[in-house]
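Asker: Pasting a structure here, questions to come.
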Amino acid sequence: MSMKLLLFDLDGTLVSTGGAGVRALDRAFLSLQRLARASEGVPFAGRTDPSIIKDIFRLKLRREIDPKESQDIENHYLAALAAELTVPDGYRVLDGVEPLLSVLAAREDVFLALGTGNLEAGARLKLERAGLNKYFSTGGFGSDAEDRPEVLRRGVRRAEEKTHRRFKPRQVVVIGDTVHDVSAGKAIGAVTVAVGAGHASEADLRAAKPDLYLSSFQDPEAFLKIL
Ligand SMILES: [Mg+2]
């Protein structure tokens, strides 16, 4: 039986953290670099955490980051994120996500994994709050690479190790809420699904020419067509 590998983006696709990630990163920069509102004016959506952190150094501190500083920011960010995720308001699982994941998890012709710019530890914290980690045994993460297509390639390789299978490019489906998810998916030759649940407009997402555009996951049948 052939199998499809589904690589899900996290923020704006599965959950919205109500800004917990941004607040946590701001706290890390304030504590370690005495920089207030570090994330202001820095694009986040569809990008990897390491590239966002590097950009804040370039744009706000006017210099390159060194590896030790990068590690310190990441550690502080993760501790702050765990705290920010306990804030009751703002966090939510996006519409239709849980029913869709439970349908997909029950299928033997589908393997679920993550393809996210989050550091793996950050992704696990964000999913933990809603009990969604059980659906994703592995994935590609911002902690693997700064470059989004490379994040996806790592996700494919880990899924191949777990399943003892090889996935051809068109057996991989990349699902996300930004044009970066679509372009990274195309860069690895995957089928792409754009979901308009996040911040990007329908027009922008459609202009990126995903194989499927959905306004949300509320209709699981519409998603299942791509399989
Ligand atoms: Mg996203």
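The values are calculated or read from the model by the stated rules, or taken from the named source; none is laboratory data. Model, not experiment: these values are computed from the prediction. FYI the Cβ positions are ideal-geometry reconstructions off the backbone, even for glycines, and counts take in every protein chain you see.
Asker: Please give the helices (runs of 4 or more DSSP H) falling wholly within the stretch 111-226 in which 3 or more residues are aliphatic (A, V, I, L, M) and not assigned by TED's automatic domain parsing to the domain that holds ASN75.
Answerer: Values: elements: 120-128, 148-163, 179-187, 202-207, 220-224.
Qualifying helices (runs of 4 or more DSSP H): 120-128, 148-163, 179-187, 202-207.
Asker: Now for a different question. Would the stretch 90-102 turn up any residue that is over 17 Å from the mean Cα position of the chain (by Cα) and more than 22 Å from VAL173 (Cα to Cα)?
Answerer: The answer is yes, given that some residue of the stretch 90-102 is over 17 Å from the mean Cα position of the chain (by Cα) and more than 22 Å from VAL173 (Cα to Cα).
Asker: Here are PRO169, PRO149, PRO210: which of them is over 24 Å from ARG23 (Cα atoms), of a type outside the set (Lys, Arg) and under 14 Å from the mean Cα position of the chain (by Cα)?
Answerer: On the way: PRO169 fails: under 14 Å from the mean Cα position of the chain (by Cα); PRO210 fails: under 14 Å from the mean Cα position of the chain (by Cα).
Within the list PRO169, PRO149, PRO210, the selection yields PRO149.
Asker: LYS186 is checked against (1) touching a strand residue (DSSP E or B) at 6+ places or on another chain (Cβ under 8 Å); (2) within 22 Å of PHE136 (Cβ to Cβ); (3) surrounded by 16 or more Cβ atoms within 10 Å (Cβ to Cβ) and fails just one. What number does that condition carry?
Answerer: Evaluating LYS186 over (1) touching a strand residue (DSSP E or B) at 6+ places or on another chain (Cβ under 8 Å); (2) within 22 Å of PHE136 (Cβ to Cβ); (3) surrounded by 16 or more Cβ atoms within 10 Å (Cβ to Cβ) leaves (2) as the failure.
Asker: Separate question: Kindly list the number of the only condition in (1) closer than 19 Å to PRO210 by Cα; (2) within 16 Å of the ligand (Cβ to nearest atom); (3) touching a Lys or Arg at 6+ places or on another chain (Cβ under 6 Å) that fails for VAL174.
Answerer: Only one criterion in (1) closer than 19 Å to PRO210 by Cα; (2) within 16 Å of the ligand (Cβ to nearest atom); (3) touching a Lys or Arg at 6+ places or on another chain (Cβ under 6 Å) is unmet by VAL174, namely (3).
Asker: I would also like to ask the following. I need the full set of residues from the stretch 84-134 which are small (Gly, Ala, Ser) and farther than 18 Å from ALA28 by Cβ, in order please.
Answerer: Our first condition is that a residue be small (Gly, Ala, Ser); within the stretch 84-134, this holds for 90, 96, 102, 105-106, 113, 115, 117, 121-123, 130-131.
Hits for the stretch 84-134 are GLY90, GLY96, SER102, ALA105, ALA106, ALA113, GLY115, ALA130, GLY131.
Asker: Filter the stretch 19-37 down to residues that are closer than 12 Å to LEU81 by Cα and not charged (D, E, K, R) and give me whichever is nearest to the ligand (Cβ to nearest atom). Steps first, please.
Answerer: To start, the set of residues in the stretch 19-37 that are closer than 12 Å to LEU81 by Cα comprises 19-28.
Going one step further and asking which of them are not charged (D, E, K, R), we end up with 19-22, 24-25, 28.
Values: GLY19: 14, ALA20: 14, GLY21: 11, VAL22: 13, ALA24: 16, LEU25: 15, ALA28: 20 Å.
Among residues in the stretch 19-37 that are closer than 12 Å to LEU81 by Cα and not charged (D, E, K, R), the one nearest to the ligand (Cβ to nearest atom) is GLY21.
Asker: Restricting to the stretch 80-92, give me the number of residues that are out of contact with any Leu (no Cβ under 7 Å at 6 or more places or on another chain) and touching a residue at least 12 places away in the same chain (Cβ under 8 Å).
Answerer: Adding up the residues that qualify gives 7.
Asker: Can you find a residue in the stretch 94-102 that is under 21 Å from ARG47 (Cα atoms) and within 16 Å of the ligand (Cβ to nearest atom)? Outline the logic, then answer.
Answerer: Within the stretch 94-102, the first condition is being under 21 Å from ARG47 (Cα atoms), and the residues that meet it are 94.
Going one step further and asking which of them are within 16 Å of the ligand (Cβ to nearest atom), we end up with 94.
Among the residues of the stretch 94-102, at least one is under 21 Å from ARG47 (Cα atoms) and within 16 Å of the ligand (Cβ to nearest atom), which makes the answer yes.
Asker: Is there a residue in the stretch 54-63 that is out of contact with any Lys or Arg (no Cβ under 8 Å at 6 or more places or on another chain), in contact (Cβ under 8 Å) with a residue 24 or more places away in the chain and of a type outside the set (Lys, Arg)?
Answerer: Among the residues of the stretch 54-63, at least one is out of contact with any Lys or Arg (no Cβ under 8 Å at 6 or more places or on another chain), in contact (Cβ under 8 Å) with a residue 24 or more places away in the chain and of a type outside the set (Lys, Arg), which makes the answer yes.
Asker: Here is a list: ALA197, ALA145. Which entry is crowded, with 20+ Cβ neighbours inside 10 Å, at pLDDT below 95 and not charged (D, E, K, R)?
Answerer: Values: ALA145 fails: crowded, with 20+ Cβ neighbours inside 10 Å.
Residue meeting the stated conditions: ALA197.
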